[in-house]
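Beneath this line is the structure, given in structure tokens, with notes to follow.
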Amino acid sequence: MSCGDIPDGLATEEQGEALMPRRVKVQRFDKSKCQKCRTAKSMYIIRNVTYCKECFSHSLFTRLTRTLHPAMRSTNLTSSELKNKSLASIGGNRPLPQGGSVLIGLSGGSSSIALLDILVEREYIGKGDGRVIDRTKGEKQPVWDRGIILHVDFSDVIENPISKEEDRSEELKKWVEGKGNGLVWVGLKAEDVYDGGLRKKIRGIVGLPKEAEGEERVDGDGVAVDLKNPDLPLFPSSSSSSSTPIDQLRSILSALPAASRPSFLSSILDSLITTTSQIIPDTKHILLAETSTRQAQRLIAGTALGKGYTLPLDLSVINKSSLSITDGSKRDIVRLKPMKDISFKEVAIYTHLRGLNGLVRNARNWDNAGPQGRKGDSRGKGNTRSLESLTEQFIASLAVTHPATVSTINRTGDKLRFTGVKEDEVTCPVCQLPVDPNALEWKSRTALTSLPTKTLPQDIGAVTNGVEQGKDKESLAKMLCYACLTTFTPPTVVSKVARTEVVPIQLPLWVGGNVRDRRREMREEIKGFLIDEE
Amino acid sequence: MPPTPCSLCHTARALVKRPKTGQQVCKDCFFEVFETEVHNTIVEGKGIFERGEKVAIGASGGKDSTVLAHVLSVLNKRYHYGLDLFLLSIDEGITGYRDDSLETVKQNQIEYGLPLKILSYNELYGWTMDKIVEQVGRRNNCTFCGVFRRQALDRGAAQLGVDHIVTGHNADDIAETVLMNIMRGDIARLGRCTAVTTQSEDTIKRSKPFKYAYEKEIVMYAYFKKLTYFSTECIYSPDDLEAIRPSAIVDIIHSGESFQLEQSVQKGMKAMQTCLRCGYISSNDLCKACALLEGLEAGLDRSALRQTQANSSNAPTGHRTIPMFERYSNVGASQPAEGIEKAVQAIEIK
Amino acid sequence: MSTSDDIITTSNGLGYTSSSAAHPESLVKPPQAPSAGEDTIEIKIEFGGGLHLLFSSQPSHKIHIPRNIPNDDNTATQPVNMRYLVKWMKSNLLSEREEMFGDGDGVRPGILVLINDADWELEGELEYELRDRDEIVFISTLHGG
């Protein structure tokens, strides 16, 4: 973009100050002393404020509660209301006891370990025995009776070039269980999304009785899709139920372009969290330990992935949704992000100070999921293969010269609003978030992949070979939201050979379930007009 | 390796790989698909243009504007938009650079048979970019150029009696703007920057028909059609994004279009008024250009950016001023309802 | 590098024995110092957040480096600093993927460095002068996708 083509509106007074101030070592006051207590020596500098060890821990906890407590008093607060200081104070020193269970996602990174550590330390989670607390002994009233600690292991599909990706479940489980009886460990694996017995498994771990025969959700019949066809035609499940879940997961990962795999893994994680919260009946809250740094990355990466429509839902501290449970009724569940105001650096320091460094593994390595080094996989700078990691590196390096980057980005993110009406919206079968209207139509209009004036001679040939199968099939592409559509869209250069051979790939069970629900809903709508009952 | 057939017509040999979709296509199909996409952008919804509208193409001589001029002329004829097209070029007074690009624009005028108007900074403000750089150095000259240019385009359009300006901003520009606005925390602009047509209260409508066209494809189009253009260096290269996923640029724009802002933010934006000195639209008493000009004249440089001394409607004696901004007087059907009132008022005041 | 027992000599003549899995703590036996009066200091290095995978999968290292190093124009000596340590680590400890740890002279953005538990940004970053028995912790904060 040359100098003369400054876009509309950029050429105003702000432009002189457009560049964010570079970090200048301002020595206006003595930075060697903690700026909070002004006595102890400074140990850490966070966002240009220095802290000693004590004040650092204190500040961390304060910011956590300032985000968490008001959100628990009223789940209707918007992000900007949450930032309002006077409202923040209504959160009080402790949230009201909620009872029931809280589901905490433990990825094993600094922030989730820090979150759990702090919550247990401050007795937010009960000891699991439901006894009456003794305030005279300094005990605090727990907020929740027990904590369900969910960890999903992806090691079976990550091909780490340096060393074998380790399954950290055992290590983390030992630490969690060592923290008390109030915590229930639920360790799942990514491939469980192909396991028909998943729900039974979770119920078993948590100690719930088995579901009655008729109530058990029939997840067994999966759905398969042809990923080479941009329409994503759906097929009934190929009877490869002899394939193990891990094989099925591996086959879909290798069918997806490398850049799409992290998004897909992310939706697997989300669906497992949702499923677990559905199964455990007294779960009202889900806590996700996303830091401000990660939040900024998600905003930028989400924009680049085309997720603009649902980003406000994704980014908000409070995300209330209605879960349908087996008997058809709905239950409200709230996702909270208490670490939203805390940066990654701070949680890393915290875990170090608590001696948890050995336990923490921050690298998710999703860039290395599935088969590596295939021809045609393109890489960006720094050997990145996905938009997510490109964004992460970009923000990390920007934060060095412009420390206000993360907070500015997040402030922008906080101002975004979701425009749809969540309850009425059609949801995407994969990410289970509302679908932006006309995603497919927008995509095909802005990037033509076929010309109306040119007929496809392929059509004639298609009758004779297997491609015809794809024509009468339902299209998954029409059901997906824009971002998931982008994830699943095949790279357009598909050799003719691959096109004639239709190899449907199994979709994870939750997707199959949603697709079936959609079909059922659509059939309900037109029921009155059907002549023959199928 | 046997030649691959074009993915669109399946007959001719594929010569290029489209950066946007990765499809391998032949030259003719590439032209057709590029032009059709622009046509779709123009006619989508209620359409950018109205029949009979007078449209000025902001022509810099660079590839964006040259291709824009070419494509618009072609589409105008092919689909009968009925538009009255003009070329509008701004001479910033940068020796070497601008002289050559202006030559290109003059050539465009002949090639496409469109009337051309050239407006120079010198005649408008009394300063050329060369002199500005001499005065303020190279660090903030872009600010000056940007402010002056924007006004110049509007003034030029007003002089031509034109209803609508189109610029060659492409998908890469817009994607970059979206990301930049997120990172700078500029909410107000974030909400507006993906709109295909923008219009503030009194400025002329500006549209970007190339909103979904990739910069690389514009270059390819110009190259294959052998269009004359003056090549400038590409400073920002979204190569990494494109390498990982070709559709990323359009995906960013899609997200940008979906962004909705908090209500309170929109109310807080400044109400527009007119500059006391030259009559151009401004959010303060003095428009940016007049303020900058005063700074230049007084021999100051950066302090003008802070608008601290911009308070008198009369320039200090001896300073050059910008001629009064005459609002265009044709109150056509293209005006939105509120605009008509304002235009009527303007006529009465005169 | 992670399996051999060769002594790798630096320009100062000090050696470092790279460890194999059998030795959890790497120890250094410096050969006879070439010039009189040259001391070494002991530094403990710890890796967190998974960074140890780049360093022979060992989370903890104890090393010795010279107390003084030549200054930029080789006219005199100056106390050893973090800049030297990082360079030293790249040549002697790093077993994989240099670009995931280093960035030019410094460390890659996203790696947090603590010197004796304190933020290195407050201690002068690369210019911090190391002392005997300092503990340096490197923590990676990147997810890698």
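Which of the pairs A:K200/A:K228; A:K140/A:K320; A:K179/A:K320; A:K284/A:K527 have their Cα atoms more than 31 Å apart in this structure?
On the way: A:K200/A:K228 34 Å; A:K140/A:K320 28 Å; A:K179/A:K320 29 Å; A:K284/A:K527 36 Å.
Distance filter (> 31 Å) returns A:K200/A:K228; A:K284/A:K527.
Show me the ranking of peptides C:61-68, B:101-108 by mean Cβ neighbours inside 10 Å, starting with the highest. The partial results should precede the final answer.
On the way: C:61-68: 19.0, B:101-108: 20.6.
Result, highest mean Cβ count within 10 Å first: B:101-108, C:61-68.
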| request: Note down the nm distance, to one decimal, between modelled labels 7 Å out along Cα→Cβ at A:V503 and at A:T39. | output: 7.0 nm
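For the range A:29-74, what is the charge dipole size about the Cα centre, in debye to the nearest 20, if Lys and Arg each add +1 at the Cβ and Asp and Glu each add -1 at the Cβ?
Values: 10 positive and 2 negative charges, 11 e Å.
Roughly 60 debye for the range A:29-74.
Enter the buried accessible area of the C/A pair, total of both sides, probe 1.4 Å, in Å² rounded to the nearest 100. Don't skip to the answer; put the middle values down first.
Details: alone 8340 and 28790 Å², together 34310 Å².
When C and A are taken together, about 2800 Å² of accessible area is lost.
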| request: Per residue of the range C:131-139, in order, report the coupling 6.51 cos²θ - 1.76 cosθ + 1.60 (Karplus, θ = phi - 60°) as ³J(HN,Hα) in whole Hz, putting x for Gly and Pro. | output: 10, 4, 6, 5, 10, 10, 10, 10, 10
| query | When the Karplus curve 6.51 cos²θ - 1.76 cosθ + 1.60 is applied with θ = phi - 60°, which whole-Hz ³J(HN,Hα) does each residue of the range B:288-294 get, with x for Gly and Pro? | reply | 4, 5, 4, 5, 5, 4, 4
| query | Got a sec to turn the phi values of the range C:113-124 into Karplus ³J(HN,Hα) couplings, 6.51 cos²θ - 1.76 cosθ + 1.60 with θ = phi - 60°, whole Hz, x for Gly and Pro? | reply | 10, 10, 10, 6, 6, 9, 4, 5, 5, 8, 10, x
| field | Amide H contacts under 5 Å for A:L433, placed H, 5+ residues apart | value | A:C428
| note | Under 5 Å from the placed amide H of C:D134, counting only residues 5+ away or on other chains, we find C:K44
| Taking amide hydrogens as modeled 1.01 Å from N in the peptide plane, which residues meet the under 5 Å criterion relative to B:I57, leaving out close sequence neighbours? | B:F86, B:L87, B:L88, B:V166
| query | Packing-wise, with mean Cβ within 10 Å as the measure, how do B:31-42, C:41-52, A:39-50 rank, highest first? | reply | C:41-52, B:31-42, A:39-50
| task | Let me know the mean shielding of A:349-360 by other chains, meaning the per-residue number of their Cβ atoms within 10 Å of its Cβ. | result | 4
| request: Per residue of B:169-176, count partner chain C-beta atoms within 10 Å of its C-beta, then hand back the mean as an integer. | output: 2
| Neighbouring partner chain Cβ atoms per residue of A:334-345, average, 10 Å criterion | 1
| note | Expected sort for B:111-123, A:260-272, A:432-444 on mean C-beta neighbours within 10 Å, highest first, is A:260-272, A:432-444, B:111-123
| request: Please work out the average accessible area per residue across the range A:29-74, using the 1.4 Å probe convention, and give it in Å². | output: 48 Å²
| note | Given the candidates B:C29, B:N40, B:H10, the one whose Cα lies deepest towards the positive end of the charge dipole of the range B:8-70, counting +1 at each Lys or Arg C-beta and -1 at each Asp or Glu C-beta, is B:H10
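Given a 1.4 Å probe and no ligands, DNA or RNA in the count, how much accessible surface is buried by B and A, both sides, to the nearest 100 Å²? Don't skip to the answer; put the middle values down first.
Values: alone 18070 and 28790 Å², together 40520 Å².
So the total buried area for this chain pair works out to about 6300 Å².
The values are calculated or read from the model by the stated rules, or taken from the named source; none is laboratory data. Since the model is a prediction, treat every value here as computed from it, not as a measurement. Here the Cβ is made from the backbone with ideal geometry for all residues, glycine too, and neighbour counts use every protein chain on show. In case anyone asks, the SASA skips ligands and DNA or RNA and just uses the protein heavy atoms, side chains included. Shrake-Rupley method; radii C 1.70, N 1.55, O 1.52, S 1.80 Å.
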